[in-house]
Amino acid sequence: MHVVIVGGGVVGTAAAATLAEHPVTDVTLLERDDLGGGTTAASAAVFTTQQTLPRRVDHRLRQRAWETYEPAVERGELSYERVGLLTVAESEGYAVDCRDAVDTLRRFGYDAEWVDAAEFDRFDLAGESAVGGLYTPEEGYFDTDELVAFFAERARERGATVRAGEGVTGLRTADGVVSAVETENGLLRADAVVNAAGPWATRVNEFVGVEAPMRHTVGPILAVEGAAHDLPFTIFESKHYVRPAGEAGAYVGAYRTDYADGERLDPDEPRAVDEAFRGAADALLDESVPPLRDATVEDEWVGLRTVTPDGRPLVGETEVDGFYLAAGMSGLGVTLAPAVADVLDAAVHGEESALLDVVRPDRF
């Protein structure tokens, strides 16, 4: 069986590494630019265990992913900065959800706690505009270049072919079954095609007439430098976040992952950080993050998330035989990539997976 994967971000490379473990499966990964140069590079690269509305199935997906990450971190193959996650409730209603999540997360095995706003100084945060927050210490972030290189090298070691700088221009079918991939360099025969193209996944779907519930949300990020701090990864109810980066730096971003906030966008259209977000970020740092009140912007960029109605990815075979999705990560690409790869592997090879039903593309 020859499987062609379209997209060389963290999901595509993780899928290539897992699929290539099968001795009867030949894997070719195609990436039109540099590996990890799309949504993965533009992300905050966080691994999150926390959920404000915890569900066991989502815990199992995260748990499965960490089973891949943890040994690699322990062996020194991947660097992981463990900084914790504080979800800040700015209203009494959201505070109820955050408090209620503590016991469930503890049952899942996480060291969760509710922190009153008066105690936010332990995180170098000001709590005047907050009620409190849900805190878990397990969260952290990866280096995206290192992460993608790790999975790509695993894939190569297992016999996969990784071709960067080769874009996909079309797909061919025969009697309703995927048969080949058209690239900038020619035609590639395929028994199965995996669409792991991130925000370009909607475009790849169009090659074979597949409609899937995926929309885009814009993710602006400001990379700032301020005073030394001990900030956790902090997500505010207002859908903004601050992710530490080194001793005095941070990424300040917009965390919009709701399907209702999304729309179909052109992922090739150039985007710049808009003034509305810049103003909101300045206000957030001034009001809630004392070490970064006088921070300077050192870099900035805009990424696109691909979101689904329930916030879970779309993984598995579509109505076109041999055409599979591994997309719609809803801001959880780094968190769930190894789990998605496992579920996809089971789907491609006709094996059982207890998690397939909750992510299959036809569940809506």
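Here, each number is a calculation from the coordinates, and none is a lab measurement. Small disclaimer: the values here were computed from a predicted structure and weren't measured. All Cβ positions, glycine included, derive from the backbone under ideal geometry; neighbour counts span all protein chains shown.
Just the number, please: percent antiparallel of the DSSP beta bridges in the chain, rounded to the nearest 5. The partial results should precede the final answer.
Working: 53 of 74 bridges.
Percentage antiparallel, nearest 5: 70.
Angle, helix 333-348 long axis vs. longest principal axis of the chain, Cα atoms, 0 to 90°, nearest 10? Helix 333-348 sits roughly 30 degrees off the main axis of the chain. Compared with the dominant principal axis of the Cα atoms in the chain, helix 10-19 is inclined by about 50°. Net charge in the neighbourhood of ARG203 (other residues with Cβ under 14 Å of its Cβ; Lys, Arg +1, Asp, Glu -1) is -3. Axis of helix 144-157 versus longest Cα principal axis of the chain: the two differ by about 30°, to the nearest ten degrees.
Taking the convex hull of the alpha carbon positions in the stretch 170-326 and averaging its projected area over all directions gives 11.2 nm².
Take every Cα pair under 8 Å in the stretch 158-253 that's 6+ residues apart, average their separations, divide by the length, and report that relative contact order as a whole percent.
Numbers: 120 pairs, mean separation 15.3, N = 96.
Contact order relative to length: 16 percent.
How high is the relative contact order of the chain? Use alpha-carbon pairs under 8 Å, at least six apart in sequence, and give a whole percent. List each step's numbers first, then the result.
Working: 846 pairs, mean separation 82.7, N = 364.
Contact order relative to length: 23 percent.
Full extension of the chain between GLU247 and ALA272 yields a length gain of 6.3 nm, computed as 0.36 nm times the residue separation minus the alpha carbon distance.
Among ALA180, ALA118, ALA281, the largest mean-square fluctuation in a Gaussian network model of the chain (Cα springs under 10 Å) belongs to ALA118. Within the chain, what's the longest run with no trypsin sites (Lys or Arg not before Pro) in a DSSP loop and at most 12 other beta-carbon atoms within 10 Å? Give the range, please. Maximal segment without exposed cleavage sites: 76-263. For GLU146 and LEU265, the FRET efficiency from 1/(1 + (r/R0)^6), where r spans their Cβ atoms and R0 equals 30 Å, is about 0.55. Once you reduce the stretch 249-316 and the stretch 57-128 to the center of their Cα atoms, the two points are 20 Å from each other. Show log10 I(q)/I(0) for the stretch 1-139 at q = 0.12, 0.17, 0.22 Å⁻¹, two decimals, from a solvent-free Debye sum over equal Cα scatterers. Each listed q corresponds, in turn, to -0.65, -1.02, -1.29.
Could you work out the helix-only [θ] at 222 nm for the chain, with each DSSP H run of four or more residues adding -39,500 (n - 2.57) and the total divided by the number of residues, to the nearest 500 deg cm²/dmol? The per-residue figure over the chain is -8500 deg cm²/dmol.
Shown here are the Rg and Dmax of the Cα trace of the stretch 93-217, at 23.1, 65 Å. For the stretch 68-108, the calculated P(r), taken from all Cα-Cα distances in 10 Å bins from zero up to the bin holding the longest distance, is 23, 30, 27, 18, 1 percent.
For LEU314, nonlocal amide neighbours, meaning residues 5 or more places apart or on other chains whose placed amide H falls under 5 Å from its own, are ALA327, GLY328. Computed from the C-beta positions of ASP321 and VAL297, the FRET efficiency with R₀ = 45 Å rounds to 0.35.
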